[in-house]
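**Q** First the structure, then my questions, so here it is.
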Amino acid sequence: MLREWDLRELAEATEYVVSELVANSVLATEAMQWLIRPPVRLWLLSDGAAVLVHVWDAIAAVPQPRAAAPDDENGRGLAIVAALSAQWGHDWSPRGLGGKVTWALITTP
Ligand SMILES: Nc1ncnc2c1ncn2[C@@H]1O[C@H](COP(=O)(O)OP(=O)(O)OP(=O)(O)O)[C@@H](O)[C@H]1O
Ligand SMILES: [Mg+2]
């Protein structure tokens, strides 16, 4: 998609951000018992200058940045997202559909 948008210079940052956000949503979804397990949805949006990543999951709990100790093997995903994004956050899904969207805006440095 980024090649198509002529934004290849944002491809590496976008790959890291998508990977961390999707991994978090998949892990949060798999941590719960479901009759029918809901999907994780990914949207990539662009105005030709920046990339907006949206990741939807069905979980009500929100991303909580952690302070990873030097020896910790986890707890750095959202710090990576914050470092590579101009802004990031989460929003509740509209119209009572449930779940939330975690989003990150990646701009040219
Ligand atoms: N989509 C999400 N839904 C619910 N909780 C989330 C979600 N994303 C993150 N969290 C919470 O925020 C915490 C911090 O996420 P972060 O990605 O920084 O670290 P991690 O996933 O624990 O470890 P790492 O990404 O370094 O493997 C998670 O442990 C989880 O509790
Ligand atoms: Mg993570």
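The values are calculated or read from the model by the stated rules, or taken from the named source; none is laboratory data. Quick caveat: nothing in here was measured; it's all calculated off a predicted structure. Backbone-built Cβ (ideal geometry, glycine too); neighbour counts: all protein chains shown.
**Q** Can you tell me which of 97, 105 is modelled with pLDDT under 95 and among the aliphatic types (A, V, I, L, M)?
**A** Checking each option against the conditions leaves just 97.
**Q** What is the number of the single condition among (1) charged (D, E, K, R); (2) touching a Leu at 6+ places or on another chain (Cβ under 7 Å); (3) under 19 Å from residue 82 (Cβ atoms) that residue 8 does not meet?
**A** Checking residue 8 against (1) charged (D, E, K, R); (2) touching a Leu at 6+ places or on another chain (Cβ under 7 Å); (3) under 19 Å from residue 82 (Cβ atoms), the one that fails is (3).
**Q** Out of all the residues in the stretch 89-109, which are in contact with a helix residue (DSSP H, G or I) (Cβ under 7 Å, 6 or more places away or on another chain) and without any contact (Cβ under 8 Å) to a residue 40 or more places away in the chain?
**A** Within the stretch 89-109, none qualify.
**Q** Let me ask you something else. Would you say residue 19 is polar (S, T, N, Q) and touching a strand residue (DSSP E or B) at 6+ places or on another chain (Cβ under 8 Å)?
**A** no
**Q** Any residue that is of a type in the set (Val, Ile, Thr), loosely packed, with under 13 Cβ neighbours inside 10 Å, within 30 Å of residue 108 (Cβ to Cβ) and within 16 Å of ligand 2 (Cβ to nearest atom) - is there at least one of those in the stretch 53-74? Before the answer, list the steps.
**A** Keep residues of the stretch 53-74 that are of a type in the set (Val, Ile, Thr), which gives 53, 55, 59, 62.
Still in the list and also loosely packed, with under 13 Cβ neighbours inside 10 Å: 62.
This time we only want the ones that are within 30 Å of residue 108 (Cβ to Cβ), so: 62.
Pick out the ones that are also within 16 Å of ligand 2 (Cβ to nearest atom) and you get 62.
Yes, the conditions are met somewhere in the stretch 53-74.
**Q** Is one or more of the residues making up the stretch 50-60 assigned to a strand (DSSP E or B) and over 13 Å from the mean Cα position of the chain (by Cα)?
**A** Checking the stretch 50-60: at least one residue is assigned to a strand (DSSP E or B) and over 13 Å from the mean Cα position of the chain (by Cα).
Residue by residue, here is whether (1) in contact with a Cys (Cβ under 7 Å, 6 or more places away or on another chain); (2) within 11 Å of ligand 1 (Cβ to nearest atom); (3) within 16 Å of residue 23 (Cα to Cα); (4) modelled with pLDDT of 95 or more holds:
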{"site": "34", "(1), (2), (3), (4)": "no, no, no, yes"}
{"site": "38", "(1), (2), (3), (4)": "no, no, yes, yes"}
{"site": "43", "(1), (2), (3), (4)": "no, no, yes, yes"}
{"site": "64", "(1), (2), (3), (4)": "no, yes, yes, yes"}
{"site": "70", "(1), (2), (3), (4)": "no, no, no, no"}
{"site": "82", "(1), (2), (3), (4)": "no, yes, yes, yes"}
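**Q** A follow-up question, please. Going through the stretch 1-26 one residue at a time, which ones are within 16 Å of ligand 2 (Cβ to nearest atom) and either in a loop (DSSP other than H, G, I, E, B) or loosely packed, with under 14 Cβ neighbours inside 10 Å (or both)?
**A** 15, 19, 23
**Q** Right, next: Only one residue in 65, 39, 70 is in contact with a Leu (Cβ under 8 Å, 6 or more places away or on another chain) and in a loop (DSSP other than H, G, I, E, B), so which one is that? If you could, list the steps in order and put the result at the bottom.
**A** Values: 39 fails: in contact with a Leu (Cβ under 8 Å, 6 or more places away or on another chain); 70 fails: in contact with a Leu (Cβ under 8 Å, 6 or more places away or on another chain).
Of 65, 39, 70, the one residue that is in contact with a Leu (Cβ under 8 Å, 6 or more places away or on another chain) and in a loop (DSSP other than H, G, I, E, B) is 65.
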